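Structure record follows, encoded as C-alpha coordinates.
The values are calculated or read from the model by the stated rules, or taken from the named source; none is laboratory data. The structure displayed is predicted, hence computed values, not measured ones. All Cβ positions, even for glycine, are placed from backbone atoms using ideal geometry, and neighbour counts span all protein chains on display.
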Amino acid sequence: MISSEKFDAIVVGGGVAGLFYSRLVAEKGFSVALVEMKPLKKIGEKVCGDAISREYFKKLGLKEPSGDEVEGVVKGIRVIAPDEKHSLLVKGEGFELNRKAFGQRLLHEALSRGVLLYDNSYAKRPIIGNGKVEGVLIHDRRTGVNRVLEGKIIVDASGIAGVLRNKLPSNWWVSEKLDYKDVSVAYREIRVLSTKIEEPEYLRIYLSPLIAPGGYWWFFPKGKSKVNVGLGIQGGMGYPNPVEQFGKYILTRDIFKNSKLIHAGGGIVPTRRPLKSLVYSNFIAIGDAAFTANPLHGGGIGSSLISAWAAAKASIDALSEGVISTKTLWKTNKIYIMNYGAKQASLDLLRMFLQKLSEEELTLIIKKKIVSEDELLEISSTGDLRATIMNKIVSAIKFLSKPSLLLKLKTLASLMDKVKKHYYSYPEDPKDLAKWELRLKEIYDEFKIKFGYC
(Lines give C-alpha, C1' and ligand atoms only; values in the text may rest on other atoms or scores of the structure.)
Protein backbone atom coordinates (compact mmCIF):
# COMPACT_ATOMS: atom_id res chain seq x y z
CA MET A 1 0.00 0.00 0.00
CA ILE A 2 1.34 3.44 -0.96
CA SER A 3 1.53 5.85 1.97
CA SER A 4 -0.03 9.31 1.67
CA GLU A 5 0.86 12.59 3.37
CA LYS A 6 -0.90 15.96 3.18
CA PHE A 7 0.57 19.47 2.85
CA ASP A 8 -0.54 22.99 2.13
CA ALA A 9 1.97 23.20 -0.73
CA ILE A 10 4.07 20.65 -2.59
CA VAL A 11 7.08 21.90 -4.54
CA VAL A 12 8.87 19.72 -7.08
CA GLY A 13 12.40 20.96 -7.74
CA GLY A 14 15.05 22.27 -5.36
CA GLY A 15 16.65 24.94 -7.53
CA VAL A 16 16.66 28.60 -6.50
CA ALA A 17 12.97 29.06 -7.40
CA GLY A 18 11.74 26.00 -5.52
CA LEU A 19 13.88 26.72 -2.47
CA PHE A 20 12.89 30.38 -2.23
CA TYR A 21 9.17 29.68 -2.73
CA SER A 22 9.26 26.93 -0.10
CA ARG A 23 10.91 29.19 2.45
CA LEU A 24 8.53 32.12 1.86
CA VAL A 25 5.39 30.00 2.23
CA ALA A 26 6.66 27.93 5.16
CA GLU A 27 7.71 30.97 7.19
CA LYS A 28 4.06 32.07 7.19
CA GLY A 29 3.16 28.90 9.03
CA PHE A 30 2.00 26.69 6.15
CA SER A 31 3.19 23.11 5.65
CA VAL A 32 5.46 22.68 2.62
CA ALA A 33 6.97 19.54 1.09
CA LEU A 34 9.97 19.95 -1.22
CA VAL A 35 10.84 17.11 -3.60
CA GLU A 36 14.34 17.10 -5.12
CA MET A 37 16.20 14.47 -7.17
CA LYS A 38 19.62 15.34 -5.76
CA PRO A 39 20.74 14.18 -2.32
CA LEU A 40 20.78 16.92 0.31
CA LYS A 41 24.51 17.66 0.09
CA LYS A 42 24.38 18.18 -3.70
CA ILE A 43 21.43 20.55 -3.77
CA GLY A 44 22.50 23.80 -5.44
CA GLU A 45 24.75 22.21 -8.04
CA LYS A 46 23.83 23.36 -11.54
CA VAL A 47 25.51 24.09 -14.87
CA CYS A 48 25.01 27.82 -15.29
CA GLY A 49 26.74 31.12 -16.03
CA ASP A 50 26.43 31.77 -12.26
CA ALA A 51 25.91 35.54 -12.58
CA ILE A 52 23.21 37.61 -10.87
CA SER A 53 22.62 41.33 -10.51
CA ARG A 54 22.71 42.89 -7.04
CA GLU A 55 19.31 44.55 -7.65
CA TYR A 56 17.38 41.31 -7.11
CA PHE A 57 18.43 40.94 -3.50
CA LYS A 58 17.15 44.36 -2.52
CA LYS A 59 13.90 43.90 -4.45
CA LEU A 60 13.16 40.52 -2.88
CA GLY A 61 14.40 41.20 0.64
CA LEU A 62 16.91 38.39 0.24
CA LYS A 63 20.26 38.56 2.01
CA GLU A 64 23.10 39.22 -0.42
CA PRO A 65 25.53 36.35 -1.00
CA SER A 66 28.68 36.44 1.06
CA GLY A 67 31.66 34.30 2.04
CA ASP A 68 32.05 31.15 -0.04
CA GLU A 69 28.80 31.92 -1.90
CA VAL A 70 30.67 34.61 -3.89
CA GLU A 71 33.45 33.78 -6.32
CA GLY A 72 33.57 37.18 -7.97
CA VAL A 73 32.15 40.68 -7.57
CA VAL A 74 30.86 42.08 -10.86
CA LYS A 75 31.02 45.74 -11.88
CA GLY A 76 29.68 45.38 -15.41
CA ILE A 77 29.46 43.44 -18.66
CA ARG A 78 31.52 44.05 -21.77
CA VAL A 79 29.59 43.15 -24.95
CA ILE A 80 32.11 42.36 -27.68
CA ALA A 81 31.51 42.55 -31.43
CA PRO A 82 32.19 39.61 -33.78
CA ASP A 83 35.44 41.26 -34.94
CA GLU A 84 36.55 41.25 -31.25
CA LYS A 85 37.98 44.75 -31.77
CA HIS A 86 35.00 46.80 -30.63
CA SER A 87 32.87 46.56 -27.51
CA LEU A 88 30.28 48.25 -25.33
CA LEU A 89 30.60 48.37 -21.55
CA VAL A 90 27.39 48.07 -19.57
CA LYS A 91 28.00 48.97 -15.93
CA GLY A 92 26.08 47.32 -13.13
CA GLU A 93 26.87 45.59 -9.86
CA GLY A 94 26.39 41.91 -9.26
CA PHE A 95 27.94 38.63 -8.23
CA GLU A 96 29.50 35.59 -9.82
CA LEU A 97 28.13 32.89 -7.53
CA ASN A 98 29.30 29.58 -6.24
CA ARG A 99 26.00 27.98 -7.18
CA LYS A 100 26.27 25.07 -4.78
CA ALA A 101 27.11 27.25 -1.77
CA PHE A 102 24.32 29.69 -2.64
CA GLY A 103 21.85 26.84 -3.12
CA GLN A 104 22.86 25.25 0.17
CA ARG A 105 22.21 28.56 1.94
CA LEU A 106 18.73 28.80 0.41
CA LEU A 107 18.13 25.18 1.40
CA HIS A 108 19.11 25.75 5.03
CA GLU A 109 16.90 28.83 5.16
CA ALA A 110 13.96 26.77 3.88
CA LEU A 111 14.58 23.87 6.28
CA SER A 112 14.89 26.25 9.23
CA ARG A 113 11.37 27.52 8.42
CA GLY A 114 9.95 24.02 8.64
CA VAL A 115 10.03 22.83 5.02
CA LEU A 116 10.02 19.02 4.83
CA LEU A 117 12.60 17.83 2.29
CA TYR A 118 12.22 14.66 0.24
CA ASP A 119 15.70 14.57 -1.26
CA ASN A 120 17.03 11.87 -3.57
CA SER A 121 13.43 11.54 -4.76
CA TYR A 122 11.68 12.33 -8.01
CA ALA A 123 8.13 13.05 -9.12
CA LYS A 124 6.74 10.22 -11.23
CA ARG A 125 3.52 11.98 -12.17
CA PRO A 126 0.88 14.44 -11.02
CA ILE A 127 -2.33 12.99 -9.61
CA ILE A 128 -5.17 14.76 -11.40
CA GLY A 129 -8.81 14.77 -10.37
CA ASN A 130 -11.77 17.14 -10.06
CA GLY A 131 -10.14 19.70 -12.35
CA LYS A 132 -7.01 20.10 -10.26
CA VAL A 133 -3.74 18.45 -9.29
CA GLU A 134 -4.65 16.63 -6.10
CA GLY A 135 -1.15 15.42 -5.39
CA VAL A 136 2.12 14.02 -6.69
CA LEU A 137 3.33 10.43 -6.85
CA ILE A 138 7.01 10.44 -5.89
CA HIS A 139 9.68 7.76 -5.78
CA ASP A 140 12.36 7.59 -3.09
CA ARG A 141 15.55 6.41 -4.81
CA ARG A 142 17.18 5.38 -1.53
CA THR A 143 14.47 2.96 -0.44
CA GLY A 144 12.74 2.25 -3.75
CA VAL A 145 9.44 3.20 -2.12
CA ASN A 146 6.66 5.19 -3.83
CA ARG A 147 4.54 7.61 -1.83
CA VAL A 148 1.71 10.01 -2.54
CA LEU A 149 1.95 13.61 -1.41
CA GLU A 150 -1.40 15.41 -1.35
CA GLY A 151 -1.40 19.19 -1.53
CA LYS A 152 -3.68 22.20 -1.70
CA ILE A 153 -1.20 23.92 -4.03
CA ILE A 154 1.19 22.10 -6.37
CA VAL A 155 4.26 23.91 -7.70
CA ASP A 156 6.48 22.80 -10.58
CA ALA A 157 9.97 24.23 -10.08
CA SER A 158 11.69 21.36 -11.89
CA GLY A 159 13.35 23.46 -14.58
CA ILE A 160 12.93 23.21 -18.32
CA ALA A 161 11.97 19.52 -17.96
CA GLY A 162 8.66 20.61 -16.41
CA VAL A 163 8.17 17.12 -14.99
CA LEU A 164 4.66 17.94 -13.77
CA ARG A 165 3.66 20.69 -16.20
CA ASN A 166 4.33 18.56 -19.26
CA LYS A 167 2.02 15.81 -17.95
CA LEU A 168 -1.00 18.03 -17.43
CA PRO A 169 -4.06 18.12 -19.74
CA SER A 170 -3.28 19.95 -22.98
CA ASN A 171 -6.15 22.40 -22.50
CA TRP A 172 -4.68 23.76 -19.25
CA TRP A 173 -3.02 27.12 -19.94
CA VAL A 174 0.19 26.10 -18.18
CA SER A 175 0.63 23.21 -20.65
CA GLU A 176 1.92 25.55 -23.37
CA LYS A 177 4.55 23.75 -25.47
CA LEU A 178 8.09 25.00 -26.01
CA ASP A 179 9.35 25.52 -29.56
CA TYR A 180 12.92 24.19 -29.70
CA LYS A 181 13.93 27.30 -31.65
CA ASP A 182 13.21 29.21 -28.45
CA VAL A 183 15.91 27.47 -26.44
CA SER A 184 19.64 27.88 -26.05
CA VAL A 185 21.69 24.68 -26.08
CA ALA A 186 24.61 25.48 -23.80
CA TYR A 187 27.95 24.03 -22.79
CA ARG A 188 30.33 25.49 -20.23
CA GLU A 189 33.53 24.72 -18.37
CA ILE A 190 35.02 26.01 -15.13
CA ARG A 191 38.77 26.43 -15.61
CA VAL A 192 41.72 27.72 -13.63
CA LEU A 193 44.03 29.67 -15.92
CA SER A 194 47.81 29.77 -15.82
CA THR A 195 47.74 33.57 -16.10
CA LYS A 196 45.91 36.37 -14.30
CA ILE A 197 42.69 37.68 -15.84
CA GLU A 198 42.63 41.33 -16.87
CA GLU A 199 39.67 43.23 -15.40
CA PRO A 200 38.22 40.24 -13.51
CA GLU A 201 35.35 42.44 -12.31
CA TYR A 202 33.85 42.59 -15.81
CA LEU A 203 31.93 39.75 -17.44
CA ARG A 204 32.43 39.36 -21.19
CA ILE A 205 29.82 38.41 -23.75
CA TYR A 206 31.03 37.73 -27.30
CA LEU A 207 28.54 38.04 -30.16
CA SER A 208 29.56 35.71 -32.98
CA PRO A 209 27.24 33.96 -35.44
CA LEU A 210 30.24 31.83 -36.43
CA ILE A 211 31.13 30.56 -32.96
CA ALA A 212 27.71 30.67 -31.28
CA PRO A 213 25.00 30.95 -33.97
CA GLY A 214 21.77 32.35 -32.58
CA GLY A 215 23.43 32.97 -29.20
CA TYR A 216 26.76 34.09 -27.79
CA TRP A 217 29.81 32.82 -25.97
CA TRP A 218 30.89 34.08 -22.58
CA PHE A 219 33.93 34.56 -20.37
CA PHE A 220 32.85 35.17 -16.76
CA PRO A 221 35.75 35.56 -14.30
CA LYS A 222 35.44 33.95 -10.87
CA GLY A 223 38.30 35.82 -9.28
CA LYS A 224 41.75 36.55 -10.68
CA SER A 225 42.50 33.27 -12.46
CA LYS A 226 39.34 31.15 -12.41
CA VAL A 227 36.70 31.47 -15.12
CA ASN A 228 33.28 30.20 -16.17
CA VAL A 229 33.54 29.99 -19.97
CA GLY A 230 30.98 28.60 -22.36
CA LEU A 231 28.55 29.19 -25.18
CA GLY A 232 24.88 28.94 -25.99
CA ILE A 233 23.59 28.08 -29.47
CA GLN A 234 20.02 28.45 -30.71
CA GLY A 235 18.19 25.14 -30.82
CA GLY A 236 16.08 23.73 -33.63
CA MET A 237 18.17 25.23 -36.42
CA GLY A 238 20.58 22.42 -37.23
CA TYR A 239 23.53 24.41 -35.93
CA PRO A 240 26.78 22.66 -34.88
CA ASN A 241 27.12 20.91 -31.53
CA PRO A 242 28.14 23.41 -28.81
CA VAL A 243 30.79 21.06 -27.39
CA GLU A 244 32.46 20.87 -30.81
CA GLN A 245 32.23 24.65 -31.27
CA PHE A 246 33.75 25.17 -27.83
CA GLY A 247 36.71 22.94 -28.60
CA LYS A 248 37.26 24.41 -32.06
CA TYR A 249 36.90 28.15 -31.44
CA ILE A 250 37.25 28.85 -27.71
CA LEU A 251 39.49 26.32 -25.98
CA THR A 252 42.17 26.78 -28.66
CA ARG A 253 42.79 30.39 -27.58
CA ASP A 254 46.10 31.27 -25.95
CA ILE A 255 44.49 32.25 -22.65
CA PHE A 256 43.47 28.62 -22.07
CA LYS A 257 46.93 27.12 -22.62
CA ASN A 258 47.98 25.09 -19.59
CA SER A 259 44.65 25.78 -17.89
CA LYS A 260 43.11 23.22 -15.55
CA LEU A 261 39.58 21.89 -16.04
CA ILE A 262 37.53 21.93 -12.82
CA HIS A 263 34.09 21.05 -14.13
CA ALA A 264 32.28 20.68 -17.46
CA GLY A 265 28.64 20.31 -18.35
CA GLY A 266 25.79 21.35 -20.58
CA GLY A 267 22.12 22.13 -20.49
CA ILE A 268 19.12 23.62 -22.26
CA VAL A 269 17.70 27.03 -21.36
CA PRO A 270 14.36 28.54 -22.47
CA THR A 271 14.94 31.92 -24.15
CA ARG A 272 11.50 33.37 -24.87
CA ARG A 273 8.59 35.18 -23.25
CA PRO A 274 7.08 33.56 -20.12
CA LEU A 275 4.18 31.13 -20.16
CA LYS A 276 0.93 32.91 -21.01
CA SER A 277 -0.17 31.94 -17.50
CA LEU A 278 1.96 30.58 -14.67
CA VAL A 279 -1.16 29.24 -12.93
CA TYR A 280 -4.13 27.00 -13.59
CA SER A 281 -6.53 25.73 -10.93
CA ASN A 282 -4.28 24.90 -7.94
CA PHE A 283 -1.12 24.48 -10.03
CA ILE A 284 1.76 26.96 -10.42
CA ALA A 285 4.89 26.82 -12.59
CA ILE A 286 7.93 28.90 -11.62
CA GLY A 287 11.52 29.33 -12.80
CA ASP A 288 12.57 27.60 -16.01
CA ALA A 289 9.44 25.43 -15.82
CA ALA A 290 7.57 28.68 -16.59
CA PHE A 291 10.16 29.90 -19.15
CA THR A 292 11.33 32.82 -17.00
CA ALA A 293 14.97 33.05 -18.18
CA ASN A 294 16.15 36.25 -19.87
CA PRO A 295 15.66 35.77 -23.66
CA LEU A 296 18.80 37.73 -24.54
CA HIS A 297 21.42 36.03 -22.41
CA GLY A 298 19.62 33.06 -20.86
CA GLY A 299 20.41 34.18 -17.32
CA GLY A 300 17.69 32.94 -15.04
CA ILE A 301 18.68 33.13 -11.38
CA GLY A 302 17.16 36.54 -10.70
CA SER A 303 14.00 36.04 -12.73
CA SER A 304 13.46 32.59 -11.18
CA LEU A 305 13.59 34.19 -7.75
CA ILE A 306 11.06 36.82 -8.86
CA SER A 307 8.67 34.14 -10.14
CA ALA A 308 8.98 32.29 -6.81
CA TRP A 309 8.33 35.51 -4.89
CA ALA A 310 5.25 36.28 -7.01
CA ALA A 311 3.89 32.74 -6.61
CA ALA A 312 4.52 32.76 -2.86
CA LYS A 313 2.63 36.03 -2.39
CA ALA A 314 -0.39 34.63 -4.23
CA SER A 315 -0.17 31.26 -2.45
CA ILE A 316 0.01 32.80 1.02
CA ASP A 317 -3.06 34.94 0.34
CA ALA A 318 -5.01 32.01 -1.15
CA LEU A 319 -4.11 29.64 1.69
CA SER A 320 -5.02 32.30 4.25
CA GLU A 321 -8.41 32.79 2.59
CA GLY A 322 -8.93 29.03 2.32
CA VAL A 323 -9.85 29.24 -1.37
CA ILE A 324 -7.46 27.78 -3.95
CA SER A 325 -8.36 28.41 -7.59
CA THR A 326 -7.10 29.93 -10.81
CA LYS A 327 -8.67 33.20 -9.74
CA THR A 328 -7.14 33.33 -6.25
CA LEU A 329 -3.69 32.42 -7.60
CA TRP A 330 -3.99 34.75 -10.60
CA LYS A 331 -1.99 37.53 -8.95
CA THR A 332 1.09 35.34 -9.52
CA ASN A 333 0.88 36.41 -13.17
CA LYS A 334 0.29 40.08 -12.43
CA ILE A 335 3.15 40.36 -9.93
CA TYR A 336 5.60 38.52 -12.16
CA ILE A 337 4.70 40.49 -15.28
CA MET A 338 4.95 43.86 -13.56
CA ASN A 339 8.33 43.00 -12.05
CA TYR A 340 9.94 41.09 -14.93
CA GLY A 341 7.62 39.43 -17.45
CA ALA A 342 6.78 42.54 -19.51
CA LYS A 343 10.46 43.35 -19.93
CA GLN A 344 11.11 39.69 -20.76
CA ALA A 345 8.57 39.72 -23.60
CA SER A 346 10.11 42.89 -25.01
CA LEU A 347 13.58 41.33 -24.91
CA ASP A 348 12.19 38.26 -26.65
CA LEU A 349 11.57 40.35 -29.77
CA LEU A 350 15.07 41.82 -29.51
CA ARG A 351 16.48 38.29 -29.23
CA MET A 352 14.66 37.18 -32.38
CA PHE A 353 15.86 40.30 -34.21
CA LEU A 354 19.51 39.79 -33.23
CA GLN A 355 19.40 36.14 -34.31
CA LYS A 356 18.75 37.35 -37.86
CA LEU A 357 21.72 39.74 -38.02
CA SER A 358 25.01 39.02 -39.77
CA GLU A 359 28.47 39.43 -38.25
CA GLU A 360 28.85 42.64 -40.26
CA GLU A 361 25.62 44.12 -38.89
CA LEU A 362 26.38 43.16 -35.29
CA THR A 363 29.85 44.69 -35.57
CA LEU A 364 28.41 47.88 -37.07
CA ILE A 365 25.94 48.34 -34.20
CA ILE A 366 28.74 48.10 -31.64
CA LYS A 367 31.48 49.87 -33.61
CA LYS A 368 29.31 52.89 -34.47
CA LYS A 369 27.59 52.80 -31.07
CA ILE A 370 24.24 52.88 -32.85
CA VAL A 371 22.95 51.87 -29.44
CA SER A 372 25.14 53.55 -26.83
CA GLU A 373 26.39 52.00 -23.61
CA ASP A 374 23.82 53.95 -21.56
CA GLU A 375 21.04 52.94 -23.95
CA LEU A 376 22.14 49.30 -23.82
CA LEU A 377 21.96 49.48 -20.03
CA GLU A 378 18.42 50.82 -20.27
CA ILE A 379 17.41 48.08 -22.70
CA SER A 380 18.80 45.35 -20.44
CA SER A 381 17.22 46.91 -17.33
CA THR A 382 13.79 47.83 -18.68
CA GLY A 383 13.33 46.22 -22.10
CA ASP A 384 12.93 49.68 -23.66
CA LEU A 385 14.50 50.49 -27.03
CA ARG A 386 13.00 53.93 -27.14
CA ALA A 387 11.49 55.10 -30.41
CA THR A 388 12.69 58.62 -29.58
CA ILE A 389 16.28 57.37 -29.56
CA MET A 390 15.73 55.61 -32.86
CA ASN A 391 14.20 58.74 -34.43
CA LYS A 392 17.37 60.61 -33.50
CA ILE A 393 19.45 57.89 -35.14
CA VAL A 394 17.36 57.71 -38.29
CA SER A 395 17.92 61.43 -38.85
CA ALA A 396 21.59 60.55 -39.39
CA ILE A 397 20.98 57.71 -41.84
CA LYS A 398 22.74 59.42 -44.73
CA PHE A 399 26.02 59.33 -42.82
CA LEU A 400 25.98 55.57 -42.27
CA SER A 401 26.62 52.61 -44.54
CA LYS A 402 23.60 50.49 -43.53
CA PRO A 403 20.49 52.69 -43.59
CA SER A 404 18.23 49.63 -43.88
CA LEU A 405 19.54 48.34 -40.54
CA LEU A 406 18.60 51.59 -38.82
CA LEU A 407 15.11 51.52 -40.26
CA LYS A 408 14.74 47.96 -38.97
CA LEU A 409 15.86 49.10 -35.53
CA LYS A 410 13.23 51.83 -35.55
CA THR A 411 10.54 49.26 -36.41
CA LEU A 412 11.88 46.95 -33.71
CA ALA A 413 11.72 49.73 -31.10
CA SER A 414 8.06 50.32 -31.90
CA LEU A 415 7.17 46.62 -31.63
CA MET A 416 9.13 46.16 -28.39
CA ASP A 417 7.21 49.05 -26.90
CA LYS A 418 3.93 47.61 -28.17
CA VAL A 419 4.47 44.15 -26.69
CA LYS A 420 5.64 45.55 -23.36
CA LYS A 421 2.53 47.74 -23.06
CA HIS A 422 0.40 44.75 -23.97
CA TYR A 423 1.89 42.76 -21.09
CA TYR A 424 1.25 45.65 -18.74
CA SER A 425 -2.42 45.35 -19.74
CA TYR A 426 -2.48 41.67 -18.72
CA PRO A 427 -6.07 40.73 -17.78
CA GLU A 428 -7.26 41.13 -14.21
CA ASP A 429 -9.63 38.19 -14.66
CA PRO A 430 -8.71 34.75 -16.07
CA LYS A 431 -11.77 34.77 -18.34
CA ASP A 432 -10.17 37.54 -20.41
CA LEU A 433 -6.96 35.62 -21.14
CA ALA A 434 -8.06 34.28 -24.55
CA LYS A 435 -8.70 37.78 -25.88
CA TRP A 436 -5.36 39.01 -24.50
CA GLU A 437 -3.53 36.04 -26.03
CA LEU A 438 -5.08 36.71 -29.44
CA ARG A 439 -3.75 40.27 -29.42
CA LEU A 440 -0.31 38.99 -28.36
CA LYS A 441 -0.29 36.64 -31.34
CA GLU A 442 -1.11 39.57 -33.63
CA ILE A 443 1.92 41.50 -32.36
CA TYR A 444 4.22 38.51 -32.86
CA ASP A 445 2.77 37.87 -36.33
CA GLU A 446 3.45 41.51 -37.23
CA PHE A 447 7.04 41.12 -36.04
CA LYS A 448 7.55 37.91 -38.01
CA ILE A 449 6.22 39.45 -41.22
CA LYS A 450 8.35 42.57 -40.93
CA PHE A 451 11.55 40.69 -40.09
CA GLY A 452 11.30 37.76 -42.47
CA TYR A 453 10.13 34.96 -40.21
CA CYS A 454 7.25 34.09 -42.54
Legend entry - Exclusive hit being surrounded by fewer than 24 Cβ atoms within 10 Å (Cβ to Cβ), touching a strand residue (DSSP E or B) at 6+ places or on another chain (Cβ under 8 Å) and of a type in the set (S, T, N, Q), set SER281, SER315: SER281
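For segment 424-441, which positions are more than 13 Å from LEU349 (Cα to Cα) and assigned to a helix (DSSP H, G or I)?
Scanning segment 424-441 gives TYR424, PRO430, LYS431, ASP432, LEU433, ALA434, LYS435, TRP436, GLU437, LEU438, ARG439.
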Legend entry - Filter pass, GLY151 being assigned to a strand (DSSP E or B), over 28 Å from ILE284 (Cα atoms) and modelled with pLDDT of 95 or more: no
Inset, instruction - Evaluate the following for ILE77: is it under 21 Å from GLY265 (Cβ atoms) and in contact (Cβ under 8 Å) with a residue 40 or more places away in the chain? - result: no
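Okay, residues lined up against (1) polar (S, T, N, Q); (2) touching a Leu at 6+ places or on another chain (Cβ under 7 Å); (3) not in a loop (DSSP other than H, G, I, E, B):
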| residue | (1), (2), (3) |
| --- | --- |
| TYR56 | no, yes, yes |
| GLU71 | no, yes, yes |
| GLU84 | no, no, no |
| LEU88 | no, yes, yes |
| GLN104 | yes, no, yes |
| PRO126 | no, yes, yes |
| GLY144 | no, no, no |
| ARG147 | no, no, yes |
Inset, instruction - Among what's in segment 252-311 and is aliphatic (A, V, I, L, M) and in a loop (DSSP other than H, G, I, E, B), pick the residue that is modelled with the lowest pLDDT. - result: LEU296
Legend entry - Only one of LYS75, LYS38, LYS63 that is outside the structural domain of ALA308 (by TED's automatic domain parsing) and either out of contact with any strand residue (DSSP E or B) (no Cβ under 8 Å at 6 or more places or on another chain) or surrounded by 21 or more Cβ atoms within 10 Å (Cβ to Cβ) (or both): LYS63
Inset, instruction - Under 7 Å between Cβ atoms, at least 6 apart or on separate chains: pull out the pairs that start in segment 274-296 with a residue that is at negative phi and end on any residue that is among the acidic types (Asp, Glu) and buried (at least 24 other Cβ atoms within 10 Å of the Cβ). - result: ALA285/ASP156; ALA289/ASP156; PRO295/ASP348
Inset, instruction - State the number of residues belonging to segment 1-25 that are surrounded by fewer than 24 Cβ atoms within 10 Å (Cβ to Cβ) and of a type outside the set (Ser, Thr, Tyr). - result: 6
Inset, instruction - Determine whether segment 175-188 contains at least one residue that is of a type in the set (D, E, K, R), crowded, with 23+ Cβ neighbours inside 10 Å and touching a residue at least 40 places away in the same chain (Cβ under 8 Å). - result: yes
Inset, instruction - Select from segment 366-375 the residues that are in contact with a Lys or Arg (Cβ under 9 Å, 6 or more places away or on another chain) and in contact (Cβ under 8 Å) with a residue 60 or more places away in the chain and write down the one among them that is surrounded by the most Cβ atoms within 10 Å (Cβ to Cβ). - result: GLU373
Inset, instruction - Find all pairs meeting these conditions: Cβ atoms under 8 angstrom apart; at least six residues apart or on different chains; first residue within segment 133-162 and at positive phi and crowded, with 21+ Cβ neighbours inside 10 Å; second residue of a type outside the set (Gly, Ala, Ser) and outside any strand (DSSP E or B). - result: GLY159/ASP288
Inset, instruction - Test each condition in (1) assigned to a helix (DSSP H, G or I); (2) assigned by TED's automatic domain parsing to the domain that holds SER158 for TYR340 and report the one that comes out false. - result: (2)
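In the list ASN258, ASN241, ASN294, which residue meets the criterion of being under 21 Å from the mean Cα position of the chain (by Cα) and either more than 30 Å from ILE128 (Cα to Cα) or outside the structural domain of ILE153 (by TED's automatic domain parsing) (or both)?
ASN294
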